[in-house]
Amino acid sequence: MAAYLLRRTAVSVVVLIGISMIVFLLLHLVYPLPGLDVLGIGARPVQVAAWNRDHGFTQPVIVQYWHYVVGLLHGDLGYSYKLNQSIASLFEERWARSLYLSGTSLALALLATIALGSYQAGRRRLGDRVATGLEYTLYAMPHYVLYLLAIQVLAFAWPVLPYQASQATSLLAVMADWRSIVLPITCSATPSCR
C-alpha cells in the first residue's frame, strides 16, 4: 500500500510539473514580451524594451521558467500588474470568501448528486427520464451559459435575486447577505453535479 501511494504521489508530481511547463509555455507564446500590455500602447519602444529587460522577459524561456519555479518554491506567487498588488496579498484578502463559495458549492453539488442518484437508482419511471434529460442538458451546457440564463430569469425577468454577488470583503458580511450568493453558489455547483 505504501509503495502504491508513493508511486501515485510521484506520478502526480510529474503531472503537475508537466502542466506548469505547458501553461508557462502557452503564456509565453501569447505574451512573449508583456511590457507593451503592462505599460499600454502609449509607451515608447525604448520604455517597453527596458521594462521587459528589467523584469527578466528577455532571458531564454527555460531561465524564465526556472525563476518562476524557484519563486513558487519560496512562496513568491508573482505580482498583478493590473491590480498593482502582489498575488500573495490578493490571496490573503480573498481566500476566506473563495473558500466559503467553493465549499458551499461543493456541499450543494454533493447533496444534489447523492439525492438525484439515489432517486434514479430506485425508480425507473417518468420522473427518472425527466431527471436524466435534465442531467444531460446541464452536462452539455457550458456553466457560463447556465449562469447567464439564471441571471436573466432570476434577476431580470423575475427579480427575486440580485444579479451581482456581494462585494463585501469580510466573510461574515458575505454570509449575512445570503441572497447575493445564491446565484454564484448554485451555478458553481451545477457543473460539479455532472
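Measure out, as a whole number of angstrom, how far apart the alpha-carbon centroids of region 3-18 and region 96-165 sit. A separation of 33 Å, based on Cα centres. Phi angles of region 53-58 translate, via the Karplus equation with coefficients 6.51, -1.76, 1.60 and θ = phi - 60°, into HN-Hα couplings of 5, 5, 9, x, 7, 9 Hz per residue; Gly and Pro are given as x.
Between L149 and T113, what FRET efficiency comes out of the Förster formula 1/(1 + (r/R0)^6) with R0 = 25 Å and r the beta carbon distance, rounded to 0.05? Write out the running numbers ahead of the final one.
On the way: r = 21 Å, r/R0 = 0.84.
The calculated FRET efficiency here is 0.75.
Rounded to the nearest 0.05, what FRET efficiency do V14 and I87 have when you use their Cβ-Cβ distance and R0 = 25 Å? Once the sixth-power term is evaluated, E becomes 0.50. Phi angles of region 151-162 translate, via the Karplus equation with coefficients 6.51, -1.76, 1.60 and θ = phi - 60°, into HN-Hα couplings of 5, 4, 7, 8, 10, 10, 5, 10, x, 9, 10, x Hz per residue; Gly and Pro are given as x.
I need the calculated FRET efficiency for the pair R7 and A140, taking r as the beta carbon distance and R₀ as 45 Å, to the nearest 0.05.
Details: r = 36 Å, r/R0 = 0.80.
After rounding, the FRET efficiency stands at 0.80.
In this simple spin-label approximation, L73 and M21 carry label points 7 Å from Cα along the Cα→Cβ vector, and these lie 1.6 nm apart.
Taking the inverse of the average 1/r across all pairs of different Cα atoms in region 1-82, what Kirkwood radius in Å do you get?
14.9 Å
Estimated at 0.36 nm per residue, the fully extended path between L126 and V160 surpasses their Cα-Cα distance by 9.2 nm. Distances between placed amide hydrogens fall under 5 Å for S86 paired with S80, all partners being 5 or more residues away or on another chain.
Please work out how much length the chain gains when fully extended from D54 to L99, using 0.36 nm per residue of separation minus the C-alpha to C-alpha distance, in nm with one decimal. Could the numbers behind the result be given before it?
Numbers: separation 45, 0.36 × 45 = 16.20 nm, distance 3.57 nm.
Separation in residues times 0.36 nm, less the Cα-Cα distance, equals 12.6 nm.
Values quoted throughout were computed directly from the atomic coordinates according to the rules given, and no laboratory measurement underlies them. The structure displayed is predicted, hence computed values, not measured ones. Because the Cβ atoms are built from the backbone with ideal geometry, glycine has one as well, and the counts that use them run over all protein chains shown.
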